[in-house]
1. Only residues that are more than 17 Å from G128 (Cβ to Cβ), of a type in the set (A, V, I, L, M, F, W, C) and surrounded by 13 or more Cβ atoms within 10 Å (Cβ to Cβ): list them for region 2-27, please.
2. Got a sec? Which of I64, I22 is free of Cβ contacts under 8 Å to residues at least 40 places away in the same chain and in a helix (DSSP H, G or I)?
3. Kindly establish whether T57 is within 19 Å of the chain's Cα centre (by Cα), of a type outside the set (D, E, K, R) and surrounded by 15 or more Cβ atoms within 10 Å (Cβ to Cβ).
4. Using beta carbons and a limit of 9 Å, which pairs, at least six apart or on different chains, have the first residue in region 124-139 and assigned to a helix (DSSP H, G or I) and the second one of a type in the set (V, I, T)?
5. Anything in region 62-110 that is under 13 Å from the mean Cα position of the chain (by Cα) and among the hydroxyl-bearing types (S, T, Y)? List them, or say none.
6. Select, from F53, F36, the only residue that is among the aromatic types (F, W, Y), more than 22 Å from N122 (Cα to Cα) and either in a helix (DSSP H, G or I) or at pLDDT below 90 (or both).
7. Looking only at region 79-98, count every residue that is over 20 Å from A67 (Cα atoms) and loosely packed, with under 11 Cβ neighbours inside 10 Å and tell me the total.
8. Across region 3-36, which residue is farthest from L49 (Cα to Cα) among those that are aliphatic (A, V, I, L, M) and under 15 Å from the mean Cα position of the chain (by Cα)?
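The values are calculated or read from the model by the stated rules, or taken from the named source; none is laboratory data. These numbers come from a predicted model, not from an experiment. When we count neighbours, we look across all protein chains shown, and the Cβ atoms used for this are built from the backbone with ideal geometry, even at glycine.
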Amino acid sequence: MDISANKMLQKLYFRYLRNLLIFSILVILLYIGLRFCIGEYLSDNLPFLLIGFIVFTALTHLIIAQADALRLTFRPDDSLSKEDRMKAFASIERKFISRYMLVTGIKLLTFLLVLVLYAFFNKEDIFGFAIGFFVIYLLYSVFEIIQIRRPVVGKITKETE
């Protein structure tokens, strides 16, 4: 990865971490509010699950951001034909999509494994845990999609120059 891609990766990732922290604080406040309203239905282990989501989301986004930085800093070689430049860009796009799908699939399987193991070892608490799990999973999935789709090229390239 060249210096400009590395710099862009750093800026993208720190911006993402800041947004993840703000979002997570809002989710924690939501959890506290729900604890007062329907606390008897919520699992006592949801705070640990929330910490796991924060850490896992931050780590998986770093992997995705590495491919995204390469994609966003791509500059075609002007000596190549237009067709070859398009092929080079398509190759970088495929790498990004492949990495995103791989990371998302591994994340989904890991979270599914957590849910199954929890159900196996804590049968009496599975209802509250499963509902909380799916709500947290949905919230963090929507957050991640919004963050990845957010246009950053203009902002980041101006800041890195």
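1. First, pick out the residues of region 2-27 that are more than 17 Å from G128 (Cβ to Cβ): 2-26.
Checking which are of a type in the set (A, V, I, L, M, F, W, C) leaves us with 3, 5, 8-9, 12, 14, 17, 20-23, 25-26.
Answer for region 2-27, where residues must be more than 17 Å from G128 (Cβ to Cβ), of a type in the set (A, V, I, L, M, F, W, C) and surrounded by 13 or more Cβ atoms within 10 Å (Cβ to Cβ): A5, M8, L9, L12, L17, L20, F23.
2. Working: I64 fails: free of Cβ contacts under 8 Å to residues at least 40 places away in the same chain.
Exactly one residue qualifies, and that residue is I22.
3. Details: within 19 Å of the chain's Cα centre (by Cα): yes; of a type outside the set (D, E, K, R): yes; surrounded by 15 or more Cβ atoms within 10 Å (Cβ to Cβ): yes.
Answer is yes for this residue.
4. That search, which allows pairs on different chains as well, returns F133/V114; I136/V27; L139/V27.
5. Residues satisfying the conditions are Y100, T104.
6. Numbers: F53 fails: more than 22 Å from N122 (Cα to Cα).
Selected residue: F36, the only one of F53, F36 that is among the aromatic types (F, W, Y), more than 22 Å from N122 (Cα to Cα) and either in a helix (DSSP H, G or I) or at pLDDT below 90 (or both).
7. At the first step, the residues of region 79-98 found to be over 20 Å from A67 (Cα atoms) are 79-84.
Still in the list and also loosely packed, with under 11 Cβ neighbours inside 10 Å: 79, 81-83.
Looking only at that region, the number is 4.
8. From region 3-36, those aliphatic (A, V, I, L, M) are 3, 5, 8-9, 12, 17, 20-22, 25-30, 32, 34; that's our starting set.
Of the ones still in play, those that are also under 15 Å from the mean Cα position of the chain (by Cα) are 9, 12, 17, 20-22.
Details: L9: 28, L12: 26, L17: 18, L20: 15, L21: 15, I22: 17 Å.
Out of the qualifying residues, it is L9.
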